[in-house]
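Take a look at the structure below.
Quick note: the coordinates plus some simple rules give every number you see, no bench work behind them. Please read all numbers here as calculations on a predicted model, not as lab measurements. Because the Cβ atoms are built from the backbone with ideal geometry, glycine has one as well, and the counts that use them run over all protein chains shown.
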Amino acid sequence: MDQNSEQESTIPITPDSSPFLPATATGLLVASVIFGYIVTMLFAVAGIMSSSMDTGKAVGDLILKIGLLVGTICFVVPAYWYTRRENKSIKAVFRFHPVSSKTLILSCVLALGLVIVTDTIDRWIAPMINSYLDSTIGALSPELMSDKILEKMKEEFKITGFISGSLLILAAVFAAGICEEMLIRGMFQGALENKMNAVWAVVISSLVFSFIHINPWGGVQIFIIAIFLGVIAWRTGSIIPSIIMHAMNNFLVIVFNNLDPESLIWYGDEKHIEPAMIGVGFILSVIGAVGLWNTSEKASIKSIVDGE
């Protein structure tokens with residue numbers, strides 16, 4: 001090997017900063033979701049079996065929480081692996097671009113407001129949706145009735161001990177916030193934005209996000225939040241704000257689910273939210289949304305690729 005060849009072989013190859021094509025991103029999305037759910041289900045089966053044995057319910061619950069954490073992380077593994085394999089820029093493909101501290105603060109304000117607003121909407125329309133689901137899905141089995149399903153969901157978000165609670169927060173807050181945003185708002189929506197109108201990219205990614213949660217009982221609330229996450233990711237050119245919003249939403253859901261209902265009278269009950277809190281939620285949402293729109297300029301794919 002001559003000297004020129006040796007020099008060429010030592011020159012590092014710059015990672016490709018262009019997004020995946022929509023078809024490739026869709027295939028990676030499907031593969032990642034399937035892989036994540038398979039891992040989660042394996043842990044779920046092990047947890048259910050442990051709960052029915054002498055080891056007791058505590059061990060079974062611990063296994064389920066570990067499965068939730070590992071499975072959530074696995075949601076992004078195939079996409080991450082393929083991105084590295086193709087020498088793509090992790091930062092560009094998943095849109096880990098820095099944002100200002102003001103953007104981060106406004107993201108927190110918007111997230112807090114959306115929790116209240118979407119919770120209000122959900123309590124208004126939930127009876128109609130649950131009634132329809134009970135007459136269709138619920139007719140297949142008593143275990144599929146909305147009250148049974150919702151009770152099981154609440155149990156999954158119950159903190160039964162320090163280790164169990166820590167695993168739940170790691171899975172639902174940090175892992176879900178980071179991994180799901182990397183996959184949906186980062187890779188998938190980023191690929192769509194490069195080939196179609198941003199409105200359609202946000203709507204499609206939000207529908208996919210709602211679908212993969214397999215939760216028609218809370219689908220409307222999930223979809224509304226997903227729309228905001230998608231718009232913010234598009235507007236800022238980064239998933240960092242959407243990660244913060246996603247994580248805050250999940251954290252507050254866990255907190256509310258573990259508090260005594262009597263201590264939440266100031267907020268509302270199972271059927272409605274207090275008018276004052278609705279007002280606070282609306283104001284926070286407007287401040288956060290308008291502030292983010294005005295302070296964040298949409299980062300185009302070209303500017304990211306060119307490093308401007």
Helix 57-74: inclination vs the chain longest Cα principal axis, degrees, rounded to 10, gives 30 degrees
If the reach is capped at under 17 angstrom between alpha carbons, list the lysines near residue 195, excluding any in the same chain fewer than eight residues apart. 298, 302
Size of segment 170-244 as Cα extents on the principal axes (Å, biggest first): 31, 24, 15
Under the rule of -39500 (n - 2.57) per DSSP H run of 4 or more residues, summed and divided by the residues of the chain, what mean residue ellipticity at 222 nm is obtained, to the nearest 500 deg cm²/dmol? -22000 deg cm²/dmol
Student exercise, the chain dipole from Lys, Arg, Asp, Glu Cβ charges, in Debye to nearest 20: 360 debye
So, counting K/R as plus one and D/E as minus one, what does the shell of residues with Cβ under 11 Å around residue 167 add up to? 0
Summed residue charge, Cβ within 11 Å of residue 142's Cβ, Lys/Arg positive, Asp/Glu negative: -2
Mean-position separation - Cα centroids, segment 237-284 and segment 91-146, in angstrom: 11 Å
In the structure shown, of 158/271; 65/154; 154/271; 57/158; 102/154; 65/271, the pairs separated by more than 23 angstrom at the C-alpha atoms are 102/154; 65/271
Non-local amide H neighbours of residue 268 (under 5 Å, H modeled in plane, Pro and chain starts lacking H): which ones? 274
Distribution output for segment 156-308: share of Cα-Cα pairs per 10 Å bin in percent, first bin at 0, values 10, 34, 35, 17, 4, 0
Mind jotting down a quarter of the surface of the convex hull over the alpha carbons of the chain, in square nanometres, one decimal? 20.5 nm²
Relative contact order of the chain, please, whole-number percent, based on alpha carbon pairs below 8 angstrom and at least 6 residues apart. 28 percent
